[in-house]
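Each remark here refers to the structure printed beneath this line.
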Amino acid sequence: MRSLLRAPQSLWVTLTVAALAGVMSLVSEPFASADNIFNISRNFAFIGLIALGQTAVIATGGIDLSVGSVMGLAGIVTGLVLGSGQPLIVAAAAGLGCALLCGLVNGSLVAYFRLSPFVVTLGMLSIARSLALVISNNRMIHDFGPDEDLLLALGGGRFLGVANPVWLLAVAALCAAAWFRYSRLARHVLAVGGNEDSTRLAGVPVARVKLTVYVLSSLLAGVSAILMIGWLGAVTNALGQNYELRIIASAVIGGANLMGGEGGAFGAVAGAALIELIRNSLLLLGVDPYWQGAFIGGSIIVAMLVERMRRAGR
Amino acid sequence: MLELRSVGMRFGAVGALQGVDLELAPGEVVGLMGDNGAGKSTLLKIVAGNFAPTSGELRWDGQPVELTPLSAREHGIEAVYQDLALCDNLSATANVFLGRELHRRLFGILPVLDHAAMRKRSAELFGELGSDARPDDLVRRMSGGQRQATALARARLSAPRLMLLDEPTAAISVRQIAEVLELIRRLRDQGVSVLLISHRMSDVFAVADRVVVLRRGRKVADKAVAESSPEEVTALITGALEAA
């Protein structure tokens, strides 16, 4: 029991995912269908990708509430540039450029002006969403110009039966896991979250570490947004609205510690998988979708309680 | 080797240090004493490069220097702080190498952390310190002595020329105090200078060559330990004796 309590949270969450999937495949026939599995995996890929960046932010002891709005802004900009006849590479660069700017603003204010991450990114949540409204003029964009087919194939297509975003998530998660274990920057990310003053005394450029994680978080939100509009085939300024809760929940359920100093790549992915699985299960079991928020919110709180019990146990 | 000339430090309206002169020779152990708020920690942080003094000058090997935490380290100045400045969530090894991680090149190009080399080196350092701390243990789970050893191992990593120790014996057992004092003597024998902040008179008189007393930001004494006594130093700290 003690060794179980000491197992990393990502393992706990993975076991929960497996157990829930096992029960669901028994009680619901459509659950285990290829189509449903495909849908679940694709849906959580968009969230999981951003949760990787969010995990790095949370590991520094910060938080990025603006990810959903940055998705909206990056998606709208990419869609508009595509619609103006530019190739996908240019449009994607424009969308990611906007995300990069948002990340630089967030990161600079947190790292160099020492503002609270909560307040800064809450402000950006409002600003980026508002900018998306302004430049889209509240229109839905579904004409993606000459590269439309490429965009739709990229975000909506599949390779070897697995949705493209899932492939990207798998590659990104492996890279992130290696990054957490083998990079000096990731070591410093955890150190900043553990004891910021000590880390500064040790000569680590703390501000630069913080700036980097916010930029990373925004960029991943941008990448996810571009894939998502390729899947949806259209983009409105509401893209990514209220996603921040699911993204933060994924990271936290996966073991990222909101006090900083802990977090890992596989946890973020497992957390995203668990949330999507809960959503999907509720739908299949015929639970009113209005209940989803209650279940997702409740699962965050339960995850925190489990974490607290694990701490007490070691 | 290290020379402070009329160093002063103000935090807003508060003068933490005023006109402090101090010299340290290679292999010299200087005990820095004073009551709470006398300016000991401020002085240490100036030498460690954490604070830039608001007046006066620092010289290192005769040259004026402006120290930052990084440049102080490059000059061979290492500090061990009172709170030990450790990251509880990381392993002992990660703390020893924080900011100075060792790398190896994957496929000849990609720099990755060299966990094996860092673990081996920190195990050696713990061995030299006679500590039972284990390289992979999380600092969160360590005893006071093991934490002290981790902080000392970190400071020894770069074979420093000057070690700044802030209350190294405050939070450890009697047996471990003897070990830390022995370590200070070993450092001195290797030509390392030590600036030792301590409340414990017995520590200073056991290992220091000289004792410097601060009172309200001013240096009120700077003399060989052999020519002083615990009674005199106590009087200097409290102000019963004006200066010596």
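FYI, it's all coordinate maths here, none of it is from the lab. No experiment lies behind these values; they were computed from the predicted model shown. Positions of Cβ are backbone-derived with ideal geometry, glycine not excepted, and every protein chain shown enters the neighbour counts.
At-a-glance table
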{"item": "Residues of segment A:199-224 classified as over 22 Å from the mean Cα position of the chain (by Cα), among the small types (Gly, Ala, Ser) and surrounded by 23 or more Cβ atoms within 10 Å (Cβ to Cβ), total", "result": "1"}
{"item": "Filtered residue count, segment B:3-21, keeping only those that are under 19 Å from B:Val65 (Cα atoms) and among the hydrophobic types (A, V, I, L, M, F, W, C)", "result": "5"}
{"item": "Residue check, A:Val215 touching a helix residue (DSSP H, G or I) at 6+ places or on another chain (Cβ under 9 Å), within 14 Å of chain B (Cβ to nearest Cβ) and hydrophobic (A, V, I, L, M, F, W, C)", "result": "no"}
{"item": "Complete set of residues in segment B:85-116 that are among the hydrophobic types (A, V, I, L, M, F, W, C), closer than 28 Å to B:Ile197 by Cα and more than 8 Å from chain A (Cβ to nearest Cβ)", "result": "B:Ala92, B:Val96, B:Phe97"}
{"item": "Test: residue in segment B:150-169 that is touching a residue at least 24 places away in the same chain (Cβ under 8 Å), farther than 25 Å from B:Arg100 by Cβ and of a type outside the set (Gly, Ala, Ser)", "result": "yes"}
{"item": "Some residue of segment A:169-184 being surrounded by 21 or more Cβ atoms within 10 Å (Cβ to Cβ) and among the hydroxyl-bearing types (Ser, Thr, Tyr)", "result": "no"}
{"item": "Verdict on A:Gly156 being touching a helix residue (DSSP H, G or I) at 6+ places or on another chain (Cβ under 7 Å), surrounded by 15 or more Cβ atoms within 10 Å (Cβ to Cβ) and at positive phi", "result": "no"}
{"item": "Any pair with Cβ under 7 angstrom, 6 or more apart, that starts in segment B:53-71 at a residue that is within 14 Å of chain A (Cβ to nearest Cβ) and ends at one that is aliphatic (A, V, I, L, M)", "result": "B:Leu67/B:Leu58; B:Pro69/A:Leu201; B:Pro69/B:Ala48"}
{"item": "Enumeration of residues in segment A:252-305 that are of a type in the set (S, T, N, Q) and assigned to a loop (DSSP other than H, G, I, E, B)", "result": "A:Asn257"}
{"item": "Conditions (1) charged (D, E, K, R); (2) assigned to a helix (DSSP H, G or I); (3) at the interface with chain A (Cβ under 8 Å from one of its Cβ atoms); number of the one not met by B:Lys45", "result": "(3)"}
{"item": "Residues of segment B:56-85 that turn out to be in a loop (DSSP other than H, G, I, E, B) and of a type in the set (A, V, I, L, M, F, W, C), as a count", "result": "3"}
{"item": "Hey, B:Arg154 farther than 26 Å from B:Thr54 by Cβ, within 14 Å of another protein chain (Cβ to nearest Cβ), over 16 Å from the mean Cα position of the chain (by Cα) and not in a loop (DSSP other than H, G, I, E, B) or not", "result": "no"}
{"item": "Every residue from segment B:86-135 that is in a strand (DSSP E or B) and buried (at least 21 other Cβ atoms within 10 Å of the Cβ)", "result": "B:Ser91"}
{"item": "Pick from segment B:45-60, criterion closer than 20 Å to B:Ser198 by Cβ and surrounded by fewer than 23 Cβ atoms within 10 Å (Cβ to Cβ), ranking: nearest to the chain's Cα centre (by Cα)", "result": "B:Lys45"}
